[in-house]
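Here is the structure we will look at.
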Amino acid sequence: MLKGKVALVTGAGRGIGKQIALTLAGYGADVIVNYNGSKEKAEAVVAEIQEQGGKAKAVQFSVSDYESTNARITELIAEYGHIDILVNNAGITKDNLVMRMSEEDFNAVIDTNLKGTFHTIKILYRQFLKQKAGRIINLSSVTGLMGNGGQANYAASKAGVIGLTKTVARELASRNITANAVAPGYIDTDMTHAMTEDAKAATVGVIPLKRVGQAIDVAEAVAFLASEKASYITGQVLSVDGGMGM
Ligand code: NDP
């Protein structure tokens, strides 16, 4: 389904990003596994892909740092000649009620989740134009659609990702480039392991499908949007949330 395509997945050393990298590689893509701090985990993802006969490489940069993101992606374009699929998965949380949320924690979440997404798109924009092809898939969240107490910074960043996605979709549509967002609900990863048992039980209680989602549920949606099968879909937000946000 993705043979001959090069995919860059940010934050792909663990969690949903790891599963996206494995899934895209399983469909034949050559995957660039970006990581920030998880070097060994990212290298393990590359090894797993290679063991299964796929192609992958780990590259370090923090998406919140424009200069190093620009330097690394520019090198990658020169090395691969083309990058066909960009998955903006890197994300963090720093939860607190607004009255207790520091400006530093608000900015940190915006810098990674929203500005990080802007950075990679900005850097790859000309390359996508040149190719007259490209797929941008940004990870939003049910929280970006509904809000969530204690997550003002995260909700603002993920709602921002939706506005950014729709704008880029409009800017690039005439060049055969699509941009879509995937909005996961409650997915079993390190990010949600930090929740208390009571909070987890309460969250599952409001999910119509009555279960926690798995990274593979999100990864298959991303792979679909990256594929030719989704060539007439742009500017959309695909919720993968067990019905939580409907
Ligand atoms: P995890 O906390 O499990 O993993 C976060 C990933 O983001 C890590 O790979 C981490 O890399 C990477 N990352 C963080 N900061 C940076 C940075 N500055 N530069 C590059 N990479 C970075 O999160 P999930 O896998 O759960 O979440 C993945 C995405 O899905 C996020 O955007 C999240 O907001 C979204 N999402 C998750 C939901 C869930 O229930 N889990 C629900 C809705 C949305 P490293 O370890 O190398 O630092």
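The values are calculated or read from the model by the stated rules, or taken from the named source; none is laboratory data. All values reported here derive from a predicted model rather than from experimental measurement. All Cβ positions, even for glycine, are placed from backbone atoms using ideal geometry, and neighbour counts span all protein chains on display. Note: areas computed on protein heavy atoms with side chains; ligands, DNA, RNA excluded. Shrake-Rupley method; radii C 1.70, N 1.55, O 1.52, S 1.80 Å.
Among the listed pairs Lys39/Lys122; Lys94/Lys200; Lys3/Lys39; Lys55/Lys166, give every one whose C-alpha distance is greater than 21 Å. Spell out each step's value before the answer.
On the way: Lys39/Lys122 25 Å; Lys94/Lys200 17 Å; Lys3/Lys39 26 Å; Lys55/Lys166 31 Å.
Pairs exceeding 21 Å: Lys39/Lys122; Lys3/Lys39; Lys55/Lys166.
Based on the Cβ-Cβ distance from Arg175 to Glu67, what FRET efficiency comes out when R0 is 22 Å, to the nearest 0.05? Mind dumping the intermediate values first?
On the way: r = 27 Å, r/R0 = 1.22.
According to the calculation, E is roughly 0.25.
For the chain, find the longest principal axis of its Cα atoms and tell me its angle to the long axis of helix 152-172, 0 to 90°, nearest 10.
Long axis of 152-172 versus the principal axis of the chain: about 30 degrees.
Treating cross-link reach as a plain straight distance, find the aspartates and glutamates whose alpha-carbon is under 20 Å from the alpha-carbon of Lys229, omitting any fewer than eight places away in the same chain.
Within the straight-line cut-off, Lys229 pairs with Asp30, Asp84, Asp217, Glu220.
What spacing in nm lies between the two simple spin-label points modelled at Glu40 and Thr196, each 7 Å away from Cα in the Cβ direction?
Roughly 3.2 nm, to one decimal.
Please report the relative contact order for the stretch 13-71, taking Cα pairs under 8 Å with a sequence separation of at least 6, and give it as a percent rounded to a whole number.
35
So if R0 is 35 Å, what FRET efficiency would Glu75 and Tyr232 give, r being the distance between their Cβ atoms, rounded to the nearest 0.05?
0.60
For n ≥ 4 DSSP H runs only, could you compute -39500 (n - 2.57) per run for the chain, divide by its residues and tell me the 222 nm figure to the nearest 500? If you can, show how the numbers build up before the last one.
Values: 10 runs with 114 residues, N = 246.
Counting only the DSSP helices, I get -14000 deg cm²/dmol.
With just the Cα atoms of the stretch 62-117, tell me how far they stretch along each of the three principal axes, in Å, largest first.
That works out to 48, 20, 10 Å along the principal axes.
Using a Förster distance of 22 Å, how high is the FRET efficiency between Lys94 and Arg211, based on the Cβ-Cβ distance and rounded to 0.05? The partial results should precede the final answer.
On the way: r = 27 Å, r/R0 = 1.23.
Once the sixth-power term is evaluated, E becomes 0.20.
With everything on Cα atoms, drop me the angle between helix 116-131 and the longest principal axis of the chain, reported from 0 to 90° to the nearest 10.
30
Averaging sequence separations of C-alpha pairs under 8 Å and six or more residues apart, then dividing by the length of the stretch 6-240, give the relative contact order as a whole percent. Each step should come with its number before you reach the end.
Values: 458 pairs, mean separation 46.2, N = 235.
Across the stretch 6-240, relative contact order equals 20 percent.
Quick check: convex hull over the Cα atoms of the stretch 195-237, volume per residue in Å³, rounded to an integer?
Values: hull volume 4.5 nm³, N = 43.
Once divided by residue count, the hull of the stretch 195-237 is 104 Å³.
Between the alpha-carbon centers of the stretch 149-196 and the stretch 9-49, tell me the distance in whole angstrom.
So the two Cα centres are separated by 19 Å.
With the full set of protein chains in place, find how many percent of the accessible area of the stretch 6-240 is carbon and sulfur; take the probe as 1.4 Å.
On the way: 5550 of 10880 Å².
Of all accessible area on the stretch 6-240, carbon and sulfur atoms account for 51 percent.
Mind telling me which of Tyr186, Tyr66, Tyr35 comes out most flexible in a GNM of the chain, alpha-carbon contacts under 10 Å?
In the Gaussian network model the winner is Tyr66.
Can you divide the C-alpha Rg of the stretch 1-92 by 2.2 N^0.38 Å and report the result to two decimal places? Present the calculation step by step, with values, prior to reporting the outcome.
Values: Rg = 11.8 Å, N = 92, 2.2 N^0.38 = 12.3 Å.
Against the compact-globule rule of thumb, the ratio is 0.97.
Quick one: in the chain, what % of C-alpha pairs are over 32 Å apart? Don't jump to the answer; show the numbers that get you there.
On the way: 4537 of 30135 pairs.
The calculated P(r) of the chain puts 15 percent of pairs beyond 32 Å.
Quick check for you: with a 1.4 Å probe and neighbouring chains kept, what is the accessible area per residue of the stretch 142-246, in Å²? Before the final figure, lay out the partial values.
Details: 5100 Å² over 105 residues.
On a per-residue basis, 49 Å².
Between Lys55 and Glu103, with labels modelled 7 Å along Cα→Cβ, what's the label distance in nm to one decimal, could you check?
4.8
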